[in-house]
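Okay, structure first, notes after.
The values are calculated or read from the model by the stated rules, or taken from the named source; none is laboratory data. Since the model is a prediction, treat every value here as computed from it, not as a measurement. All Cβ positions, glycine included, derive from the backbone under ideal geometry; neighbour counts span all protein chains shown. Surface accessibility is based on the protein's heavy atoms, side chains included, excluding ligands, DNA and RNA. Shrake-Rupley method; radii C 1.70, N 1.55, O 1.52, S 1.80 Å.
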Amino acid sequence: MVAKKSLGLAALAAGGAIAAGYRRRKAVRPGPAEWFAVTVDCDPGELSGENRPDALGRLAEHHEVRITPAPGGRGTEIAVHAADGKAREQVRALKQFLETGEVLRVEGQPEGHRTVLGRAAIPVSRQLMRRGVR
Amino acid sequence: MKALCWTGVNEVAVEEVPDPRILNRQDVIVRVTASSTCGSDLHLLDGYVPTMMAGDVIGHEFLGEVVETGPDVRDRRVGERVVVCSIIGCGRCRNCRAEMWSLCDNSNPDPGFLETLNGHATAGIFGYSHAMGGFAGSHAEYVRVPYGDVNAFPVPEGVPDASAVFASDAVPTGWMGADIAGIRPGDVVAVWGCGGVGQMAARAAFLLGAERVIAIDRFPERLEMTSRHTGAETLDYEKVDVLDALKEMTGGRGPDVCIEAVGMEGHGTGAQYAYDRVKQAVRLQTDRGLPLRQAIHACRKGGTVSVLGVYLGFVDKFPMGAVMNKGLTLRSGQQHGQRYIPMLLERMARGEVDASHLLTHPMALDDAPRGYEMFKNKEDGCVRAVFTP
Ligand SMILES: NC(=O)c1ccc[n+]([C@@H]2O[C@H](COP(=O)([O-])OP(=O)(O)OC[C@H]3O[C@@H](n4cnc5c(N)ncnc54)[C@H](O)[C@@H]3O)[C@@H](O)[C@H]2O)c1
Ligand SMILES: [Zn+2]
Ligand SMILES: [Zn+2]
């Protein structure tokens, strides 16, 4: 019983921190930026023409995508216009794939007994954290 | 298999859980032979790290044997005795390639919480909440290690398990604290906290050229251990006024380098400590920072404050005036272990670094709940309890 109560508290605290962060952000920024951008440690040439990765092609079907060399030889900036949660997840996965050759998985690891609340909350919070709040 | 799970604030339990599997092509599976408690776990236990879920396997400082390798693993071999860095790097992103491994862009697949809280996310960490990637921890019979080639390091033959296990976390963290502070020959270095991390920072400070090291804590056995094994002078902050004592010991200048190895649950005396506790309990501040403030206050003009203790969000009454007006340099970070581990294992093999005295309480994994209780309350001189499945 004690454990369940404290789990609830921890989850609340987490939610509270996200909400507080979100409010704080809203206060200083009038609205979310239009582009979601990541920098990938690769040459811009690796992302265009026949080299263009399929995942990037799929993103470009639904979103305007901007590819620019990063200053100081820091690779390539990929910016996606009006990226929703799903698109942000895809952009992050694309960066991981281009840099490391795979997309890291955490689903399917060992875990102990989950509470009913925890079992329901984990996929939801994971998706929220994977995509990020904007 | 058996594993130690977080089940709620100040509650852990040994449970039967599924064995880990290879989930990515660069994974290795390690059979754990030693897995240590760390001060960072206390922040989880005490409920100051949100995004913990009942059933999460904890533990991040460990040693073991490779028992399985994914198809894209090139260097690691089944049968190797390895120490695994507590913080996961991918080895390919720009930060990993610049040896800033704990800033890896790719090893935390779920960065959203930290991005909202801090602007950007930290690397993934074993057994350290869903905000840090939600990786199953090492207090278990087996653990899955992502990017096995870059995160698992073969241990030279002559190095005993009791020392090698701390090459995962406490030793490289302490080393990093001294390294990033840019210690120069003749420097006086003060270290707050005489746990495994503080002690290793004190040792590293000497090896990097410090002339004097002053270590601060309140537990007599930890102070005594630190002076015996690192050669540092010690101060008991419950017996002396630390700021006065440090001024006196440094001819009024203050230490050239101040290393904070305590973290967000810093203990203290007096009104400021009471204030911090209350605000943290009701979550008006996430972290309490008395030793951090003290380190900044004590540091000499133009000196460097190196923060190893873990903070997650906000500290109150941060003495920005002292940082600004004394022209201080602030350095910090989760440890970039992969940068230091091979060098540290070499030094262990040569006898220059030995961490085995930190292992005060070897225990069976079944006794881990008791081990955490002892470690948390510093009972029976416990500096680190290390579990063997
Ligand atoms: N940066 C990293 O990557 C990293 C890695 C490992 C640990 N850490 C952090 O380092 C810190 C220390 O870890 P540890 O394993 O040595 O923990 P520990 O709990 O064994 O030791 C902490 C010590 O700090 C002392 N302390 C408390 N308040 C103090 C004060 N006001 N002044 C001086 N000393 C005080 C305690 O008495 C204790 O001995 C923790 O915050 C931990 O999370 C960081
Ligand atoms: Zn640790
Ligand atoms: Zn990386």
Query raised in the report: Do we have residue B:276 as within 24 Å of residue B:329 (Cβ to Cβ), open to solvent by less than 70 Å² (accessible area, probe 1.4 Å), of a type outside the set (A, V, I, L, M, F, W, C) and over 20 Å from the mean Cα position of the chain (by Cα) here?
Result: no
Query raised in the report: So residue B:49 clears everything in (1) within 15 Å of ligand 2 (Cβ to nearest atom); (2) hydrophobic (A, V, I, L, M, F, W, C); (3) surrounded by fewer than 23 Cβ atoms within 10 Å (Cβ to Cβ) except one condition, right? Which one?
Result: (3)
Query raised in the report: Applying the selection to segment A:114-126, what residues are farther than 24 Å from residue B:22 by Cβ and not hydrophobic (A, V, I, L, M, F, W, C)?
Result: A:115, A:118, A:119, A:125
**Report entry** Matching residues in segment A:20-45 - criterion: being surrounded by 12 or more Cβ atoms within 10 Å (Cβ to Cβ) and at pLDDT 90 or above
**Finding:** A:35, A:36, A:37, A:38, A:39, A:40, A:41, A:42, A:43, A:44
Query raised in the report: Here are B:328, B:365, B:290, B:345: which of them is within 14 Å of another protein chain (Cβ to nearest Cβ) and away from ligand 2 (no atom under 16 Å from the Cβ)?
Result: B:365
Report task. Check off (1) open to solvent by 10 Å² or more (accessible area, probe 1.4 Å); (2) more than 16 Å from ligand 2 (Cβ to nearest atom); (3) part of a loop (DSSP other than H, G, I, E, B) for residue B:115 and give me the number that stays unchecked. Result -> (3)
Requested in this report: Check off (1) more than 9 Å from chain A (Cβ to nearest Cβ); (2) under 23 Å from residue B:164 (Cα atoms); (3) within 15 Å of the chain's Cα centre (by Cα) for residue B:124 and give me the number that stays unchecked.
Outcome: (1)
Query raised in the report: Here are some conditions: (1) open to solvent by 20 Å² or more (accessible area, probe 1.4 Å); (2) closer than 22 Å to residue B:348 by Cα. Residue B:194 meets all but one. Which one does it not meet?
Result: (1)
Query - Test result for residue A:118, in a helix (DSSP H, G or I), more than 20 Å from the chain's Cα centre (by Cα), of a type outside the set (S, T, N, Q) and closer than 28 Å to residue B:96 by Cα - result: no
Query raised in the report: Where in segment B:190-284 are there strands (runs of 3 or more DSSP E), lying fully within it, with 2 or more residues that are without any contact (Cβ under 8 Å) to a residue 40 or more places away in the chain and in contact with a Leu (Cβ under 8 Å, 6 or more places away or on another chain)?
Result: B:212-217, B:233-236
Query raised in the report: What do you reckon, is residue B:170 surrounded by 24 or more Cβ atoms within 10 Å (Cβ to Cβ), among the hydrophobic types (A, V, I, L, M, F, W, C) and at the interface with chain A (Cβ under 10 Å from one of its Cβ atoms)?
Result: no
Requested in this report: Only residues that are touching a residue at least 12 places away in the same chain (Cβ under 8 Å), more than 19 Å from residue B:35 (Cβ to Cβ) and not charged (D, E, K, R): list them for segment B:64-96, please.
Outcome: B:69, B:70, B:71, B:73, B:78, B:79, B:89, B:90, B:91, B:93, B:96
**Report entry** Residues (β-branched (Val, Ile, Thr) and touching an Asp or Glu at 6+ places or on another chain (Cβ under 6 Å)) located in segment A:45-87
**Finding:** A:68
Query raised in the report: Any idea how many residues of segment A:37-52 are in contact (Cβ under 8 Å) with a residue 12 or more places away in the chain and farther than 15 Å from residue A:87 by Cβ?
Result: 9
**Report entry** Subset tally (residues that are open to solvent by 20 Å² or more (accessible area, probe 1.4 Å) and assigned to a loop (DSSP other than H, G, I, E, B)) for segment B:315-358
**Finding:** 12
